[in-house]
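The values are calculated or read from the model by the stated rules, or taken from the named source; none is laboratory data. Quick caveat: nothing in here was measured; it's all calculated off a predicted structure. FYI the Cβ positions are ideal-geometry reconstructions off the backbone, even for glycines, and counts take in every protein chain you see.
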Amino acid sequence: MAPARSGSRRARSIVAGLLLCLWFSGAAAAPASTTTPSRMPLSQVDAIRTTDHARFLTMLDALHRDIDALSPQDRRYLRFLDGWQANYEGRYSDAMAALQEVLAGGQQDALGVRATAMLMNTLTGQGKYAEAYAMATRAADTLPSVTDPTARFVLLANLSQMLTFAGQPQIAMTYADMMLKATPKGVSRCEAMVQKVVALEGARQLMASSPELLDTIDVCKTNGQPIFSNTMSLILVDRLLEENRLDEALATLRRITPSIEAARYFPHLIDLSSARARIFEAMGNKPEARKAALETVAMNHPGDTNEALRFAYRVLYSIEKAQGHYADALLYYENYVVQDQGYLRDANVRTAAYEAASQHFRAEKLETEGLSKENRILRLQQALDAKAVETGRLYITVMAILLASIAFWMVRIKRSQLRFKWLSSCDSLTGIFNHQHFMGESGRALRALEKRAGEGCLIFLDLDHFKQVNDSHGHAVGDAVLKHAVAICKGQLRKADLLGRLGGEEFGMFLMDAPRLQGTVVADRIRLSLAASPLIVDDVVVSISASIGLACTDTIGYDLQRLFRGSDAALYLAKRTGRNRVVVDGDDRSAATPFPAHTRPVDSTTA
């Protein structure tokens with residue numbers, strides 16, 4: 001199974017790897033000082049944070065010992081360095097306390113701007129996206145007034161990083177370009193180039209041969225920035241792997257392994273192991289792939305959610321399934337789903353936080369502008385005579401009535417448009433997609449899956465003996481049964497999945513990013529839920545069962561008509577062989593699941 005490309009996911013992994021080492025190297029590198037530790041200027045201590053971290057810690061301790069000799073401004077600078085170190089070590093509460101002390105002394109000077117940028121990063125590291133993006137939105141508004149080169153550079157870097165993180169790579173690239181132009185004298189262009197590459201990766205515009213990527217690797221190596229160089233090299237490995245240039249990917253991985261192991265930077269170590277697992281899997285070397293994937297899992301901690309773990313569990317699932325170890329395969333698949341859904345939830349929260357912060361900020365600006373305009377009008381009104389005031393009020397009243405009328409008709413027109421759109425795409429009884437719209441949406445979903453080599457399943461479901469329900473209890477009860485069945489199906493589907501009524505008592509479902517095993521499990525879960533949930537109407541109990549046919553892209557491909565015929569044939573076979581069962585197209589055992597016979601669910605009594 002080839003991994004589906006997700007530029008935004010990979011960019012998120014890369015950005016996460018940069019959070020603690022990238023965007024706070026705002027001070028220009030200073031020459032080595034011969035002064036004693038306690039007398040070294042704070043700007044020189046600031047400059048060696050990422051280039052010589054061990055010496056930085058020594059200097060920091062010396063400054064704390066001589067804190068009584070520092071000026072108030074130097075003590076504020078020292079608290080900024082304390083906040084940076086706490087953020088580096090993952091002590092986010094301590095970092096926030098130190099940075100808020102710095103901001104209490106002024107938010108508009110260079111140190112205040114840098115503290116604001118770091119606090120945004122700290123909040124992101126804690127998953128406090130609403131607060132982080134609220135700060136980012138306000139910081140972007142103040143950007144034109146930031147003139148200090150170092151502060152502007154750091155602020156641009158954080159804005160670019162956070163917008164990539166929020167799934168806005170095009171805006172992030174704009175800030176990265178501004179960052180390249182605003183690189184302070186004496187600061188390597190490596191950092192700004194890295195952010196540009198990360199934004200390009202988030203926008204899925206990067207290839208292994210892209211000059212931006214290769215030039216950034218060379219510049220970062222030349223400027224003695226191994227962490228940045230390794231980050232870019234890992235992206236290069238990812239691109240080579242996706243382009244199926246496996247030998248080059250493995251050679252690149254082996255070339256950067258000594259540097260990554262020497263740096264002992266945790267995000268790079270797990271990405272290294274995960275990439276090795278994917279490469280060996282693609283080469284067909286299952287023992288080495290399994291070994292690397294298990295190493296990746298062992299390196300993480302309980303509760304961790306990251307892209308490296310997601311890939312590792314997918315590799316382990318594929319290997320165990322291919323070897324017929326279905327119990328282990330299912331366990332690994334469950335872990336893979338946890339990682340996948342964990343990322344999706346996190347991504348949705350980030351995107352929602354960014355959108356909410358942007359809308360709130362725009363609303364505040366409009367409110368402020370509105371209040372300012374109202375004050376000017378009031379000052380003018382005080383200079384008018386009574387007749388002018390009355391004329392103005394009459395004009396405002398007429399305009400308000402006119403605007404209200406326009407707004408009323410616009411709302412009515414919009415509601416009518418939405419109603420017509422709903423009627424043209426949805427089934428009037430059940431509220432789900434009608435046949436034509438379901439097939440159209442399924443076709444679009446299949447094209448999207450084909451572009452990224454994803455997997456999907458098309459399910460056809462037919463309620464057993466539905467005509468008897470209408471004949472015995474009437475069409476009103478029959479309609480209630482259809483609505484009841486739709487509600488049960490919705491409860492078993494994800495938000496991204498599609499559900500439509502194909503006609504009568506037949507329904508269609510399209511499962512996005514669902515391999516055959518998952519599709520079979522979902523189909524049988526729906527079958528069991530229907531059988532276990534009879535409809536009770538006016539003391540009448542109506543039992544429900546369903547025959548289900550399933551066809552998957554891994555055997556049939558991405559042609560909608562072929563999937564349609566495969567699902568339809570499987571559904572026909574399910575009805576012909578006794579109903580109330582799941583049949584998978586291409587599965588000669590006609591089993592409800594792909595597991596051995598003793599693990600299959602037992603068919604319930606036919607309705």
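Couple of notes before you dig in:
- Residue check for Leu403: surrounded by 10 or more Cβ atoms within 10 Å (Cβ to Cβ), within 30 Å of the chain's Cα centre (by Cα), at pLDDT 70 or above and in a helix (DSSP H, G or I): no
- Only one entry in Thr124, Thr137 is surrounded by 23 or more Cβ atoms within 10 Å (Cβ to Cβ), in a helix (DSSP H, G or I) and either in contact with a strand residue (DSSP E or B) (Cβ under 9 Å, 6 or more places away or on another chain) or touching a residue at least 12 places away in the same chain (Cβ under 8 Å) (or both), namely Thr124.
- Checked against the criterion of being in the same structural domain as Leu563 (by TED's automatic domain parsing), modelled with pLDDT of 85 or more, part of a loop (DSSP other than H, G, I, E, B) and within 30 Å of Arg204 (Cβ to Cβ), the range 456-468 has at least one qualifying residue.
- Condition check for Phe311: at pLDDT below 95, closer than 19 Å to Leu241 by Cα and of a type in the set (Phe, Trp, Tyr): yes
- Scanning the range 143-170 for residues that are β-branched (Val, Ile, Thr) and in contact (Cβ under 8 Å) with a residue 24 or more places away in the chain, we see that the one that is farthest from Gly186 (Cα to Cα) is Thr164.
- Conditions (1) outside any helix (DSSP H, G or I); (2) modelled with pLDDT of 70 or more: number failed by Leu384: (2)
- Screening Thr252, Thr231, Thr183 for residues that are β-branched (Val, Ile, Thr), modelled with pLDDT of 90 or more and closer than 20 Å to Ser160 by Cα leaves exactly one candidate, Thr231.
- Residue check, Pro302 in a loop (DSSP other than H, G, I, E, B) and farther than 30 Å from Pro169 by Cβ: yes
Okay, residues lined up against (1) within 24 Å of Ala347 (Cα to Cα); (2) not small (Gly, Ala, Ser):
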position	(1), (2)
Arg276	no, yes
Lys291	no, yes
Leu294	no, yes
Pro302	yes, yes
Thr305	yes, yes
Ala312	yes, no
Lys321	no, yes
Tyr333	yes, yes
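- So Arg239, is it free of Cβ contacts under 8 Å to residues at least 24 places away in the same chain and in a helix (DSSP H, G or I): no
- When residues of the range 150-196 are limited to those that are of a type in the set (Val, Ile, Thr) and surrounded by 24 or more Cβ atoms within 10 Å (Cβ to Cβ), the one nearest to Val349 (Cα to Cα): Thr164
- Count - residues of the range 528-554 that are in a helix (DSSP H, G or I) and more than 18 Å from Gly566 (Cβ to Cβ): 4
- Residue within the range 564-575 that is within 21 Å of Arg444 (Cβ to Cβ), part of a helix (DSSP H, G or I) and free of Cβ contacts under 8 Å to residues at least 60 places away in the same chain present: yes
- Against the test of being in contact (Cβ under 8 Å) with a residue 12 or more places away in the chain and more than 20 Å from Phe564 (Cβ to Cβ), the options Val481, Val522 yield a single qualifying residue, Val481.
- Qualifying residue in the range 484-501 (condition: touching a strand residue (DSSP E or B) at 6+ places or on another chain (Cβ under 6 Å) and of a type in the set (Val, Ile, Thr)): no
- Restricting the range 290-316 to residues that are charged (D, E, K, R) and within 21 Å of the chain's Cα centre (by Cα) leaves a set whose member that is nearest to Ile270 (Cα to Cα) is Glu307.
- Under the condition of being assigned to a helix (DSSP H, G or I), surrounded by fewer than 24 Cβ atoms within 10 Å (Cβ to Cβ) and of a type outside the set (A, V, I, L, M), the residues counted in the range 206-228 number 7.
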